[in-house]
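J.: Submitted below is the structure of interest, expressed as structure tokens.
The values are calculated or read from the model by the stated rules, or taken from the named source; none is laboratory data. Just so it is clear, the model here is predicted, and its values are computed rather than measured. Heads up, the Cβs are rebuilt from the backbone with ideal geometry, glycines too, and the neighbour counts pull from every protein chain shown. Keep in mind that these areas ignore ligands, DNA and RNA; they rest on the heavy atoms of the full protein, side chains included. Shrake-Rupley method; radii C 1.70, N 1.55, O 1.52, S 1.80 Å.
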Amino acid sequence: MAVTDLGLMTVPLAIFAGAIRVSTPFLFVSLGECLTEKSGRINLGLEGTLVFGAMSGYATAYATGWPWLGVLVAGLAGSVFGMIHGIICKLPKVNDVAIGIAMMMFGTGIAFFLGKPFIQPQAPHLPAIDFGFWTSIPQLRVALEINPLFFVGIAVAIAMWWAFKNTRAGLIIRMTGDSAATAKAMGYSVDLVRFLATTAGGFLAGVGGSFLSLYYPGAWNEGLSSGQGLMAVALVIFSRWNPLACFGAALLFGGAGAIGPALQSIGISQGYYFYNAAPYILTLLIMIASVSPKRSLRGAPGELSITK
Amino acid sequence: MSETTPLPAVGIETVGMTKVFGSLRALEDVSVKVRPGSFHALLGENGAGKSTLVKCIMGFYQPTRGSLIVDGSEQVVRNPRDAMRLKLGMVYQHFTLVPSLTAAENLVISRPDCPNVIDWANEIAGIGAFFDKMPFKVPLRVPVSSLSAGEKQKLEILKQLYLDRRFLILDEPTSVLTPDEADEILGMLKGMTAAGELTILMITHKFREVNAYCDEVSVLRRGRFVGGGHVAETSTQSMAHMMIGDTKLRERSARLKAGDDKTVLELAALYAVDDEGLPAIESIDLKVHAGEIVGIAGVSGNGQSELVEVLSGQRELEDGRIFIRGQPFEPTRQHMDRFKVFGLPEEPLKNATAPRLSVAENMALRSFDKPPISKNGWWLSPGPMRDIARDLIERYRVKTPSPDTPIENLSGGNVQRAVLARELSGEVEVLIVANPCFGLDFASVAEIRSQIIEQRNAGAAVLLVSEDLDEILELADRVAVMSEGRITYVSPIGDTNRATIGHAMAGGH
């Protein structure tokens, strides 16, 4: 295969490919956070869930040789973290934000502790789907190798968006998130709904973590997440608690995260670290733009402790 | 739900209902009979036991003694679910709709047999068919948060009917409605009761509504049933007497002719936004003269609370100026002190006090940085603070165990009196009052209204924001109506009437 020089086209292509790669964990964590917050609870511990999911998924794939089993185990481990958060928050006078921060520390800490033996060995990766079979331009072929979890994430986003409108479970979650008193008056257990939503949200975040270690960057180490689980919280606010908008916002964050490597690929390495900080700067700008002391957040679930 | 056949209304009777909470007898041997198909009023002051009674009926409380008879047979209602089964329903004073859900979603999710996957085409058709049989409708597909208060109230009632409840308790159903909306809704419900489809037990304090719509009335006082009967045979005076007993109400202070006509408070083109960043008040122009009460009428949520917040410095002014005696006024502590601006906000415990500070400290919130409490501006002397508080407690008859009691331990009326004492004991140029009598008993209401009139007679410019039109008709010299953030109507009180003001209140909707 002849190497074709694409010139400046390399940059948008690299950003496109990077956006898909980088956005996938954002997408899963933000969908998990969206589900949890829709039920009226905020789980800041998803950063810890993400890291622990990455470690447990990698360890499973290494031990069994099946990367998809790693994804499942990461999701189940995430559910356990969600359950712990849910159970503790059921106790009286417990603040979900504080518990979330504690769970974040706990999750990353225990992942580092248990994950030490897995930093060196090489686990099998998730396969990519090759959409570039029709082209002979190698850069395009690489860019069109898309990970299957990306499509799973889109499917989950659409399913959640549909379910919030069209299923009993979706309406109950929204009701619990917006008016706990009403949900209680109708005989639903607010604690149970939130517990289940937090557990399911933890599952999604765990799956997002497994993507980090099993696809991109594709290895387990302690600096793997670099705050993506926390940025997902900002992303949910930015997307106004709408799963479809979460997808768009995840792509935007992914694209921002891909700017640095894309520019480096055409030889611009000046300001590399600055461009790598793009997602963090984006988070900051979004928070400034969307949060104002004079206004409350439109579209926010009424029971959320940060908006009350 | 599409084949709802009109079932006969359900009637209930309580027999010797008694509820004791610890040492408090909230309800004592109350027997009330509500015939099927009747429109029954339940009257009583705050704390008379009305809500305890209906909560016992609805299964929120278990009565200590006594029983409930539904359609002729004795029933035990252990929880709201049992009440539901007996077709008993309740519309609460505070809305129980989920704001972010649409009306259709609210209706469908409230159904016990809500399907797991909702076929919206089918459900909307079903609700449409149900609405066709109802006297009023609401938009189905927009979030409830964007409905007007009247539409929300209608939807609450429709929800109960959609769930096939045939005995409805309405708790102060018209407090958030314009007079026209209240008449519309109550008139339609009256039609349904007359047709035998529904029985209504309405908690209210508006005698006008009792006289216009109710067939029968029961009055509670201090947990006991003190009288009742057919509304047609009961005069308003006797109902009022049953409610308050022999309590002496303070004589209303006479209204003196206003002396000087000088403008004191002038609002010039005020603009402010609400918490969502949307315009809350727009182009508010208003003058209040010395010795005048200007009443601002309107349905709640039309910008009145934002206006009060702007004037009391709790909300930023986007545009416009405020003048007092021709001088620019900023709602800062310094200016309020210099221009003698005082306020009685609604829900005083929340808006005008620090609940856990003592009565004395709360009474000193305006003066703690001045002599005699503070000689140099930063060192407080508790002695003078307590002396001043003792004097105020005596003069304003605040019932408190001591000046050092946290103010949150006082009853609502006494919190309002304590705030009144703080705000009105000095010289007052401008007084901003918002719903001052909300939730208070008759004696406190009479006291507070007299105090407001006295301030007016002493030459203060009073701006009175109230959702209670009767209060405005009674107190104001001029009335201004707010609708959708604007003042849409201004008139001297002598040249207008309830109907005209009511139409102006409905204005935008």
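J.: Among the numbered criteria (1) open to solvent by 60 Å² or more (accessible area, probe 1.4 Å); (2) more than 13 Å from chain A (Cβ to nearest Cβ), which one does B:R141 miss?
T.: B:R141 satisfies every listed condition except (2).
J.: Let me ask another. Out of the residues in the range B:73-127 meeting the condition of being in contact with an Asp or Glu (Cβ under 8 Å, 6 or more places away or on another chain) and of a type outside the set (A, V, I, L, M, F, W, C), tell me which one is farthest from the other protein chains (Cβ to nearest Cβ).
T.: So, considering only residues that are in contact with an Asp or Glu (Cβ under 8 Å, 6 or more places away or on another chain) and of a type outside the set (A, V, I, L, M, F, W, C), the one farthest from the other protein chains (Cβ to nearest Cβ) is B:Q75.
J.: With farther than 12 Å from B:I448 by Cα, open to solvent by 20 Å² or more (accessible area, probe 1.4 Å), touching a Ser or Thr at 6+ places or on another chain (Cβ under 6 Å) and assigned by TED's automatic domain parsing to the domain that holds B:S358 as the only criterion, which of B:D404, B:D391 stands out?
T.: Just a single option satisfies the conditions, and that option is B:D404.
J.: Would you check if there is a residue in the range A:111-119 being charged (D, E, K, R) and under 24 Å from A:T10 (Cβ atoms)?
T.: Checking the range A:111-119: not a single residue is charged (D, E, K, R) and under 24 Å from A:T10 (Cβ atoms).
J.: Among what's in the range A:149-163 and is under 15 Å from A:L251 (Cβ atoms) and of a type in the set (F, W, Y), pick the residue that is surrounded by the most Cβ atoms within 10 Å (Cβ to Cβ).
T.: A:F150
J.: Scan the range B:363-420 for residues that are touching a helix residue (DSSP H, G or I) at 6+ places or on another chain (Cβ under 8 Å) and on the phi > 0 side of the Ramachandran plot and jot them down.
T.: Within the range B:363-420, just B:R397 meets the criteria.
J.: Say we look at the range B:58-101 and pick out the residues that are under 26 Å from the mean Cα position of the chain (by Cα) and β-branched (V, I, T); which of these is nearest to B:V10 (Cα to Cα)?
T.: Pass one, the range B:58-101, residues under 26 Å from the mean Cα position of the chain (by Cα): B:58-61, B:80, B:88-101.
Right, trim to β-branched (V, I, T) and you get B:91, B:96, B:98.
On the way: B:V91: 16, B:T96: 23, B:V98: 28 Å.
So, considering only residues that are under 26 Å from the mean Cα position of the chain (by Cα) and β-branched (V, I, T), the one nearest to B:V10 (Cα to Cα) is B:V91.
J.: Let me ask something else. Go through the range B:29-102 and tell me which strands (runs of 3 or more DSSP E), entirely inside it, have 2 or more residues that are of a type in the set (A, V, I, L, M) and either under 22 Å from B:L155 (Cα atoms) or in the same structural domain as B:E209 (by TED's automatic domain parsing) (or both).
T.: Answer list for the range B:29-102: B:39-43, B:65-70, B:88-91.
J.: A further question on this structure: Take the range B:474-509 and flag every residue that is within 22 Å of B:A290 (Cβ to Cβ) and part of a helix (DSSP H, G or I).
T.: Result: B:E474, B:L475, B:I493, B:G494, B:D495.
J.: Going by what's in this entry, would B:L357 be described as open to solvent by 20 Å² or more (accessible area, probe 1.4 Å) and out of contact with any His (no Cβ under 7 Å at 6 or more places or on another chain)?
T.: So B:L357 passes the test.
J.: Provide a single number: the residues in the range B:110-156 that are touching a Lys or Arg at 6+ places or on another chain (Cβ under 7 Å) and either over 18 Å from A:T167 (Cβ atoms) or part of a helix (DSSP H, G or I) (or both).
T.: 5
J.: Among the residues of the range B:21-51, what is the count of those that are modelled with pLDDT under 90, of a type outside the set (D, E, K, R) and within 27 Å of the chain's Cα centre (by Cα)?
T.: 9
J.: Whether any residue in the range A:258-267 is modelled with pLDDT of 90 or more and buried (at least 24 other Cβ atoms within 10 Å of the Cβ) is what I want to check.
T.: no
J.: Just name the residue that is nearest to the other protein chains (Cβ to nearest Cβ) out of those in the range B:292-301 that are open to solvent by less than 10 Å² (accessible area, probe 1.4 Å) and not β-branched (V, I, T).
T.: Within the range B:292-301, the match that is nearest to the other protein chains (Cβ to nearest Cβ) is B:G298.
J.: How about the range A:111-139: which of its residues are among the hydroxyl-bearing types (S, T, Y) and either modelled with pLDDT of 90 or more or surrounded by 12 or more Cβ atoms within 10 Å (Cβ to Cβ) (or both)?
T.: Result: A:T135, single match.
Residue-by-condition table, conditions (1) of a type in the set (G, A, S); (2) in contact with a strand residue (DSSP E or B) (Cβ under 8 Å, 6 or more places away or on another chain); (3) surrounded by 14 or more Cβ atoms within 10 Å (Cβ to Cβ):
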residue: B:E74; (1), (2), (3): no, yes, no
residue: B:A83; (1), (2), (3): yes, yes, yes
residue: B:K87; (1), (2), (3): no, yes, yes
residue: B:P99; (1), (2), (3): no, yes, yes
residue: B:A129; (1), (2), (3): yes, no, no
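J.: Would you mind stating whether B:E427 is open to solvent by 40 Å² or more (accessible area, probe 1.4 Å) and not in a helix (DSSP H, G or I)?
T.: Against the criterion (open to solvent by 40 Å² or more (accessible area, probe 1.4 Å) and not in a helix (DSSP H, G or I)), B:E427 qualifies.
J.: Of these, B:V445, B:V433, B:V462, which one is under 27 Å from B:N302 (Cα atoms), of a type in the set (V, I, T) and assigned to a helix (DSSP H, G or I)? Talk me through it step by step, then tell me what you get.
T.: Working: B:V433 fails: assigned to a helix (DSSP H, G or I); B:V462 fails: assigned to a helix (DSSP H, G or I).
When all the criteria are applied, what remains is B:V445.
J.: Could you tell me whether A:T49 is among the polar types (S, T, N, Q), open to solvent by less than 10 Å² (accessible area, probe 1.4 Å) and assigned to a helix (DSSP H, G or I)?
T.: yes
J.: Related question: If a residue has to be under 27 Å from the mean Cα position of the chain (by Cα), away from every other protein chain (no Cβ under 14 Å) and without any contact (Cβ under 8 Å) to a residue 60 or more places away in the chain to count, how many in the range B:266-290 make the cut?
T.: Residues that pass the stated criteria total 3.
J.: Something else about it: Check whether at least one residue in the range B:107-116 is more than 27 Å from the chain's Cα centre (by Cα), over 28 Å from B:S466 (Cα atoms) and among the small types (G, A, S), and report yes or no.
T.: Taking the range B:107-116 first, the residues more than 27 Å from the chain's Cα centre (by Cα) are B:108-109, B:111-116.
Then drop every residue that is not over 28 Å from B:S466 (Cα atoms), which leaves B:108-109, B:111-116.
Then keep just the ones that are among the small types (G, A, S); that gives none.
No: the range B:107-116 contains no residue that is more than 27 Å from the chain's Cα centre (by Cα), over 28 Å from B:S466 (Cα atoms) and among the small types (G, A, S).
J.: Could you grab me the full set of residues in the range B:191-243 that are closer than 27 Å to B:D71 by Cβ, of a type outside the set (D, E, K, R) and surrounded by fewer than 16 Cβ atoms within 10 Å (Cβ to Cβ)?
T.: B:G191, B:A194, B:A195, B:G196, B:G229, B:H230, B:A232 - these are the residues of the range B:191-243 that are closer than 27 Å to B:D71 by Cβ, of a type outside the set (D, E, K, R) and surrounded by fewer than 16 Cβ atoms within 10 Å (Cβ to Cβ).
J.: A follow-up question, please. Please enumerate the residues belonging to the range A:164-205 that are under 20 Å from A:A249 (Cβ atoms) and surrounded by fewer than 17 Cβ atoms within 10 Å (Cβ to Cβ).
T.: Hit for the range A:164-205 is A:K165, nothing else.
J.: Would you confirm whether any residue within the range B:311-326 is charged (D, E, K, R), under 27 Å from B:L365 (Cα atoms) and free of Cβ contacts under 8 Å to residues at least 24 places away in the same chain?
T.: No, the range B:311-326 contains no residue that is charged (D, E, K, R), under 27 Å from B:L365 (Cα atoms) and free of Cβ contacts under 8 Å to residues at least 24 places away in the same chain.
J.: Further, regarding this structure: Mind listing just one residue for me: the one in the range B:328-354 that is closer than 30 Å to B:A269 by Cβ and β-branched (V, I, T) and, of those, surrounded by the fewest Cβ atoms within 10 Å (Cβ to Cβ)?
T.: The qualifying residue surrounded by the fewest Cβ atoms within 10 Å (Cβ to Cβ) is B:T332.
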